[in-house]
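Here's the structure, in structure tokens; my notes come after.
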Amino acid sequence: MLQTINPHAAAIDVGSEKLHVAVVNQAVQVFDTFTESLQALRDYLLGAGVTTVAMEATGVYWLPVYEVLEAAGLEVCVVNGAHVKSLPGRKSDMQDGQWLAELHSHGLLRSGFVPPQAIRRLRDYQRLRQDHIRMGSAHIQHMQKALDRMNLKIHEVLSDLTGVSGVRLIQAILKGVRSRQLLLELCDVQIVRRKRAAMLKALEGNWQPEHLFALRQAYEGWEFYQAQIAACDGEIAAVLEQLAAAAPPPPAADGGATPKRLQHNAPQIADLHRLLLRVTGGQDLGALPALSDYSVLQLLSEVGTDMSRWPTAKHFTAWLGLAPSSRCSGKRHRREKRFRNPAGQIFCVVARSLARSKHLALGGFYRRLRAMHGAQVANIATARKVAVLFYHTLRYGLAYVEQGLERYQDLYRQQCLRRLERNARQFGLTLAPVAYANP
């Protein structure tokens, strides 16, 4: 018999309409998913003396239940459904709840990571903002299609159709301006100076009414989502202010690194760098390679600031899905593909920018692995290194100092020489430098 670790345990099989609640050594109870029923569920568990509850992370249906039970002071264990498999031939919602309660009472379930309420609120705003960006990008493609149908190659000459010059041109076209010279004067001075001939050719096309209508619809849709993104920025700024007010005052700043320039789709939040410094207790995560204030905001909305939830950096990178996994059974060893969660995907996105870096050590690491194993392996390995730096900075206050590409290449050369010398000694040989004369 297994030892009972949690005698006051319960489990909930979460569905969209019904909740099957199983308390150890009691009959299964069924509740609706309405708010009134959730409050009745809370009272039932408290009346039964339950102190810890297990449930599977089923879609978004578990979130209202989790919030009600968390507010009641119950310990909620959210488990991965793939890790809890029912016995063969016994599959029903009621039996799933009983099986979860049995496992939880014996302490066999391990809870996944659920950030605090304030971080969850920040994550919801940030994910909603990302949805608006994706939906707005579809309207940018519609604008490009409408311009192509009119054979206006504006987006072929301009690097960004939604930049200052591109927006001015589209607004003027929709207002009825057809003169190429007048349209050209709306562009930035640098574009007029360097791309004058190409832009004049791009502004000549067929002004067909159906495609102008499609262009207007796409532009209005893009403008709508820009307003939605700005509204999300306001809510994100309010949450950051609350988190900064609750955080202890950071130590006196010593100047630090200059914040990186924000690129497209970055939030328009005043003093974003200062707010992030307050939230992280004075740890400048933007000083790490490839991380800007925007990417730091995205990561904090997914993982929060408490890195003690992961005992080591290896636990953190494994949770992100950036560490290799393996299965061992007897003499059989096989690798298992890890699922990269949203935070792991963000690290992979920021690591791609290191491929173009000219002076960063991690850029040399990325390019070396890419030459040997391909871009995907190099991207994941580099993302893992950035994640380890992120973990150590938040948990231990690591002050990152960039060593530079030349330093990295010199260390790698010394490592290769040591390896060659070791291999030569195994065969009773020695290495001798040879000077080659230039032809």
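Results, tabulated for the structure shown:
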item	result
Leading residue by the ranking (farthest from the chain's Cα centre (by Cα)) among those in region 1-46 that are closer than 17 Å to ASP93 by Cα and of a type in the set (Ser, Thr, Tyr)	THR33
So VAL377, is it over 23 Å from GLN263 (Cβ atoms) and of a type in the set (Val, Ile, Thr)	yes
Residue that is least open to solvent (accessible area, probe 1.4 Å), among those in region 129-161 that are part of a helix (DSSP H, G or I) and among the charged types (D, E, K, R)	ARG129
Options GLN98, GLN117: the member that is farther than 25 Å from GLN226 by Cα, touching a residue at least 12 places away in the same chain (Cβ under 8 Å) and surrounded by fewer than 16 Cβ atoms within 10 Å (Cβ to Cβ)	GLN117
Residue count for region 7-32, restricted to those that are open to solvent by less than 30 Å² (accessible area, probe 1.4 Å) and farther than 19 Å from VAL76 by Cβ	0
Residue list for region 374-404, restricted to those being crowded, with 20+ Cβ neighbours inside 10 Å, touching a Ser or Thr at 6+ places or on another chain (Cβ under 8 Å) and aliphatic (A, V, I, L, M)	ALA387, LEU394
Hey, ARG332 under 19 Å from ALA82 (Cβ atoms) and free of Cβ contacts under 8 Å to residues at least 40 places away in the same chain or not	no
Some residue of region 325-344 being assigned to a strand (DSSP E or B) and either modelled with pLDDT of 90 or more or among the hydrophobic types (A, V, I, L, M, F, W, C) (or both)	yes
Close pairs (7 angstrom Cβ cut-off, 6 or more residues apart or separate chains): within 21 Å of HIS8 (Cβ to Cβ) in region 64-87, surrounded by 13 or more Cβ atoms within 10 Å (Cβ to Cβ) and of a type in the set (Lys, Arg) anywhere	VAL68/ARG42; LEU69/ARG42; ALA72/ARG42
Single condition ARG407 does not satisfy, out of (1) modelled with pLDDT of 90 or more; (2) open to solvent by 90 Å² or more (accessible area, probe 1.4 Å)	(1)
One residue from ALA202, ALA214 being open to solvent by 30 Å² or more (accessible area, probe 1.4 Å), over 30 Å from LEU122 (Cα atoms), in contact with a His (Cβ under 9 Å, 6 or more places away or on another chain) and not hydroxyl-bearing (Ser, Thr, Tyr)	ALA214
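Yes or no, residue by residue, for (1) within 21 Å of GLN208 (Cβ to Cβ); (2) more than 23 Å from the chain's Cα centre (by Cα):
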| site | (1), (2) |
| --- | --- |
| ARG129 | no, no |
| HIS132 | no, no |
| MET135 | no, no |
| GLN141 | yes, yes |
| GLN144 | yes, yes |
| MET150 | yes, yes |
| ILE154 | yes, yes |
| LEU158 | no, yes |
| VAL164 | no, yes |
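For every residue, the table says whether it meets (1) under 19 Å from the mean Cα position of the chain (by Cα); (2) among the aliphatic types (A, V, I, L, M).
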site: LEU288; (1), (2): yes, yes
site: LEU291; (1), (2): yes, yes
site: ARG309; (1), (2): yes, no
site: THR312; (1), (2): no, no
site: LEU320; (1), (2): yes, yes
site: ASN341; (1), (2): yes, no
site: LEU354; (1), (2): yes, yes
site: ARG370; (1), (2): no, no
site: GLY374; (1), (2): no, no
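The values are calculated or read from the model by the stated rules, or taken from the named source; none is laboratory data. If you're wondering where the values come from, they're calculated on a predicted model, not measured in any experiment. Counting neighbours? That spans all protein chains shown, and the Cβs are built from the backbone with ideal geometry, glycine included. The accessibility values were calculated without ligands, DNA or RNA, using every heavy atom of the protein model including side chains. Shrake-Rupley method; radii C 1.70, N 1.55, O 1.52, S 1.80 Å.
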